[in-house]
Amino acid sequence: IVAESPSRFGCWHRNSSEEPSPKTNHFGLSIYRHFGDINQAGKRMELMFAKPEVETPSGLKASAVSTRAFKGSSFKAILPKLYTSPFETIFCPDTKQSMYCQILFGLIQRDEVVMIGSIFASTVVRSIKFLENNWKELCSNIKTGQISEWITDSGCRNAASLILKPNLELADLIEDVCSCKSWEGIIRKLWPKTKYIGTVCTGVMLQYTAELEFYCGGLPLVSGFYACSEGAIGINLEPLCKPSDVSYTFLPNMVYYEFLSIKEDCDTDSQNQVQLNAMSHHEDTGPVDLVNVKLGQCYEVLVTSSMGLYRYKVGDIIKVTGFHNNTPQFQFVGRQNVALGVDMERTSEADILKAVAEAKALLDLLGLILTEYTSYGDTSSTPGHYVIFWEIKPKEGNNNNNVGKELDPKVMEECCSKMEDSLHFTYRMYRKENMIAALEIRVVKQGTFESLLDYFVSKGASLSQYKTPSCIKSKEALNILDSRVIAKFFSPRTPTQDN
Ligand code: AMP
């Protein structure tokens with residue numbers, strides 16, 4: 001949430017009523033090099049969700065930074081030409097109606113769509129799942145030229161009345177595509193001119209890339225920006241780079257950055273993924289400037305900005321991976337304070353992500369996809385243990401809530417053990433000494449993480465900026481997950497020591 005003021009994101013987002021030229025910034029240039037002039041080629045189907053403003057106790061208006069960007073008059077001016085979502089759908093306060101209408105408008109304009117995206121990969125995946133659940137109704141709306149009655153938002157209805165006309169041919173075509181058994185490559189089939197998916201796929205969003213790759217049928221996943229409410233931070237100058245290898249080049253003219261070094265260096269694992277050691281903490285030395293960062297070193301980012309932040313800890317850990325000319329480039333490692341722990345050990349967000357990535361490969365053999373996960377340190381009994389919530393779906397067919405019954409307990413137990421084997425030395429040592437009990441996977445019903453999102457949005461989170469927490473701390477959120485558990489599995493053995 002940021003207080004309203006002249007936008008410091010102006011230069012980051014759009015601050016002129018002219019169309020953004022693809023060649024006026026480095027990121028635009030690198031996109032141009034690979035995909036040509038997107039603005040001339042067609043429209044972007046970007047899922048955007050504004051959040052109502054709130055008023056601070058001192059009377060200042062405050063809103064999510066994404067909302068601030070969507071509200072700018074310049075953005076409003078270019079929206080109809082460059083994007084498929086009408087303004088009213090982005091500002092619709094009901095996120096379900098907003099999502100439905102944005103997908104509807106994207107389908108109607110399918111022949112013009114050249115880029116699909118949202119700020120974070122989780123939202124793109126979520127919108128495809130939404131389409132999976134609602135395509136019949138969407139097709140019926142396109143067939144009749146009438147939007148469903150439950151869309152009560154007047155802005156959305158007005159926007160629909162301007163563009164929605166009966167189109168039997170289009171409805172039949174979409175119905176044909178959506179009724180096929182497997183949704184592999186569905187994005188390419190529905191929006192055949194799409195050149196790339198533009199969305200953040202790094203950090204905690206890496207977990208969504210497998211599912212996104214499944215849906216997008218070989219389209220490049222372009223993780224273009226690294227930004228936060230505190231300020232725009234970096235851009236990706238190699239748009240075709242694999243999400244796991246992306247480095248961001250810092251933009252030194254956005255805010256003033258300083259860097260607190262992390263005492264224990266990050267490691268690089270066998271897949272060349274940066275991994276944050278569990279017990280990292282700051283050295284006693286003070287912050288260093290951007291020009292003084294060292295290759296291979298991990299840092300926590302501090303921001304000083306004209307908005308009034310002074311050496312503000314963004315809470316992100318990054319690692320210097322190279323230089324563009326003299327400008328340092330960083331790989332995103334993880335959040336500083338997201339730590340799972342049931343004893344003295346600390347397990348970072350990146351540790352959990354890596355362990356899940358190793359284990360979920362086993363699901364592939366069963367024709368299943370892990371769609372979301374989160375974790376919880378359960379200390380209700382002694383010793384405590386790690387609980388990892390998994391939402392799983394079959395690769396073929398949708399909404400199979402029998403998935404829990406079909407899971408092979410042997411494979412699932414192996415998933416638990418695989419996760420434990422991948423965790424850091426301290427965890428494995430504590431497990432061996434029985435200071436931590438066996439890791440547990442709780443499989444939840446499909447749609448559970450959707451309910452979790454609804455809960456956080458109801459508590460004030462912005463849907464556009466929502467990230468599923470890697471680790472659950474709130475009791476209410478835990479109850480939502482626990483009440484939807486369909487199967488539980490425990491690791492049957494202590495982890496191996498050589499890792
Ligand atoms: P917020 O300010 O709530 O929108 O969240 C910003 C946070 O999202 C950052 O501090 C990062 O933790 C995360 N984030 C933003 N961009 C990226 C990115 N490109 N890769 C990984 N994490 C990101």
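The values are calculated or read from the model by the stated rules, or taken from the named source; none is laboratory data. Remember, predicted model here, so these are calculated numbers, not experimental data. Because the Cβ atoms are built from the backbone with ideal geometry, glycine has one as well, and the counts that use them run over all protein chains shown. Note: areas computed on protein heavy atoms with side chains; ligands, DNA, RNA excluded. Shrake-Rupley method; radii C 1.70, N 1.55, O 1.52, S 1.80 Å.
Some notes on this structure:
- Filtered by the rule that a residue be within 11 Å of the ligand (Cβ to nearest atom) and in a loop (DSSP other than H, G, I, E, B), segment 328-344 gives Gln336, Asn337, Val338.
- The listed residues are Lys393, Lys360, and the only one of them that is touching a residue at least 60 places away in the same chain (Cβ under 8 Å) and either more than 16 Å from the ligand (Cβ to nearest atom) or assigned by the TED database to the domain that holds Val125 (or both) turns out to be Lys360.
- Enumeration of residues in segment 161-200 that are crowded, with 19+ Cβ neighbours inside 10 Å and modelled with pLDDT under 95: Trp183
- Number of the condition not met by Cys92 [criteria: (1) in contact with a Ser or Thr (Cβ under 9 Å, 6 or more places away or on another chain); (2) not in a loop (DSSP other than H, G, I, E, B)]: (2)
- Within segment 48-80, the residues that satisfy the criterion of being aliphatic (A, V, I, L, M), at pLDDT 90 or above and within 15 Å of the ligand (Cβ to nearest atom) are Met48, Ala50.
- Verdict on Lys432 being over 20 Å from Thr371 (Cα atoms) and touching a residue at least 24 places away in the same chain (Cβ under 8 Å): yes
- Filter pass, Thr194 being more than 16 Å from the ligand (Cβ to nearest atom) and under 29 Å from Tyr248 (Cβ atoms): yes
- Inclusion of Thr374 among residues that are among the β-branched types (Val, Ile, Thr), over 26 Å from Thr304 (Cα atoms) and open to solvent by 30 Å² or more (accessible area, probe 1.4 Å) is not warranted.
- Scanning segment 201-229 for residues that are away from the ligand (no atom under 16 Å from the Cβ), in a loop (DSSP other than H, G, I, E, B) and surrounded by fewer than 19 Cβ atoms within 10 Å (Cβ to Cβ) yields Gly217, Gly218.
- Number of the condition not met by Lys81 [criteria: (1) open to solvent by less than 50 Å² (accessible area, probe 1.4 Å); (2) part of a helix (DSSP H, G or I)]: (1)
- Residue list for segment 128-156, filter: surrounded by 18 or more Cβ atoms within 10 Å (Cβ to Cβ) and among the basic types (Lys, Arg): Lys129
- Filter pass, Ala359 being in contact with a Cys (Cβ under 8 Å, 6 or more places away or on another chain) and farther than 30 Å from Gly185 by Cβ: no
- Residues that are crowded, with 21+ Cβ neighbours inside 10 Å and either aromatic (Phe, Trp, Tyr) or more than 25 Å from Ile388 (Cβ to Cβ) (or both), drawn from segment 320-356: Pro328, Gln329, Phe330, Phe332
- Pro239 being open to solvent by less than 20 Å² (accessible area, probe 1.4 Å), within 13 Å of the ligand (Cβ to nearest atom) and more than 15 Å from Gln329 (Cβ to Cβ): no
- Inclusion of Leu170 among residues that are outside the structural domain of Glu396 (by the TED database), in a helix (DSSP H, G or I) and without any contact (Cβ under 8 Å) to a residue 60 or more places away in the chain is not warranted.
- Residue match in segment 440-447 (condition: open to solvent by less than 30 Å² (accessible area, probe 1.4 Å), more than 29 Å from Gln102 (Cβ to Cβ), in contact with a His (Cβ under 8 Å, 6 or more places away or on another chain) and not small (Gly, Ala, Ser)): yes
- Meets criteria (among the β-branched types (Val, Ile, Thr), in the same structural domain as Gly42 (by the TED database), away from the ligand (no atom under 16 Å from the Cβ) and within 20 Å of the chain's Cα centre (by Cα)) for Ile142: no
- Flag for Val314 being surrounded by fewer than 22 Cβ atoms within 10 Å (Cβ to Cβ), at pLDDT 95 or above, assigned to a strand (DSSP E or B) and within 16 Å of the ligand (Cβ to nearest atom): no
- Of everything in segment 244-256 that is under 17 Å from Leu206 (Cβ atoms) and more than 9 Å from the ligand (Cβ to nearest atom), the residue that is surrounded by the fewest Cβ atoms within 10 Å (Cβ to Cβ) is Asp245.
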